[in-house]
1. Given a 1.4 Å probe, how much area per residue of the range 1-148 is accessible, in Å²?
2. Under the definition of Cα pairs under 8 Å and six or more residues apart, what whole-number percent is the relative contact order of the range 106-184?
3. Label-point separation (nm) for Ala53 and Glu182, each offset 7 Å from Cα along Cα-to-Cβ?
4. Pull out a ≥ b ≥ c, the square roots of the eigenvalues of the alpha-carbon gyration tensor of the range 1-87, then state rounded if a/c is under 1.5, prolate if not and a/b is larger than b/c, and oblate in the remaining case.
5. Express in % the proportion of alpha carbon pairs of the chain at distances exceeding 30 Å.
6. Could you compute the net charge surrounding Gln21? Neighbours are other residues with a C-beta less than 9 Å from the C-beta of Gln21; K and R count +1, D and E count -1.
7. How large a share of the accessible area of the chain, in percent, is made up of carbon and sulfur atoms when the probe is 1.4 Å and the other protein chains stay in place?
8. Which percent of the Cα-Cα distances in the range 122-184 go past 17 Å?
Amino acid sequence: MPTLTPTTLHTQRLVLRWMDQSDAPALFALFSDPAVTRYWSTPAWTDIAQSRAFIDTTLAEYEAGTGLRFAILLAETGEMIGSIKLYDFYESNRRCDIGYALLQAQWGKGLVGEALSAVIEHAFNTLNMNRIEADIDPRNEASAKVLERMAFVREGYMRERWIVNGEVCDTAFYGLLRRDWEAR
Ligand SMILES: CC(C)(COP(=O)(O)OP(=O)(O)OC[C@H]1O[C@@H](n2cnc3c(N)ncnc32)[C@H](O)[C@@H]1OP(=O)(O)O)[C@@H](O)C(=O)NCCC(=O)NCCS
């Protein structure tokens, strides 16, 4: 596991920073929206206690080096509009997974691409990863577009990998190598 230290990343329109319990209401607004969780691996939240417990887990993961979740904030207003995470670090293989979500009101502005660029740079250059993986629902066209714009390659398809609220879902599996990123 990498040793994680509090980090803030800046892009043109965004600030990405570590989370704390003050983010619970904004995180609840994000993950209680069924449109946001439509292709997520868990159902939409219904109670803010879920948000607090999730942030407790996030804090424990910083400490253990098992997960690096950033809050995505608009640089101009400081409003928290989303979340992006590196997780499942395999240090010996220098690889990890990535996941992300944005408030519906902010979709379609290229913001996740901007956040991904900064987090991918951090993963390759600061955390010394060689490969980043993403597991998405094949019906999630917006997410596939974002990944492909970042030079991720669709490498596989796994059938009936998730069952969320009784709905059986497949996985489209994406990978990004350091050399793909450098050559993009
Ligand atoms: C997937 C997601 C992260 C994309 O982020 P984004 O910053 O909106 O991405 P972009 O602005 O680059 O738009 C990507 C595509 O989203 C789609 N999109 C844009 N605005 C949209 C809207 N209002 N409603 C639905 N889809 C929209 C378009 O297909 C767009 O492609 P285009 O630019 O070729 O038209 C975002 O839609 C989201 O948070 N979804 C919910 C959580 C989720 O599914 N996360 C990924 C799980 S693996």
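The values are calculated or read from the model by the stated rules, or taken from the named source; none is laboratory data. For clarity, every value in this text was computed on a predicted model and none was experimentally measured. Positions of Cβ are generated from backbone atoms using ideal geometry, with glycine treated the same way; all protein chains shown enter the neighbour counts. Heavy atoms of the whole protein, side chains included, go into the accessibility calculation; ligands, DNA and RNA do not. Shrake-Rupley method; radii C 1.70, N 1.55, O 1.52, S 1.80 Å.
1. The answer is 47 Å² per residue.
2. Once normalised by length, the contact order is 32 percent.
3. 4.4 nm
4. It is oblate, given that a/c is not under 1.5 and a/b is not larger than b/c.
5. Value for the chain (Cα pairs over 30 Å): 13 percent.
6. -2
7. The value for the chain is 49 percent carbon and sulfur by accessible area.
8. Considering the range 122-184, 46 percent of its Cα-Cα pairs are separated by more than 17 Å.
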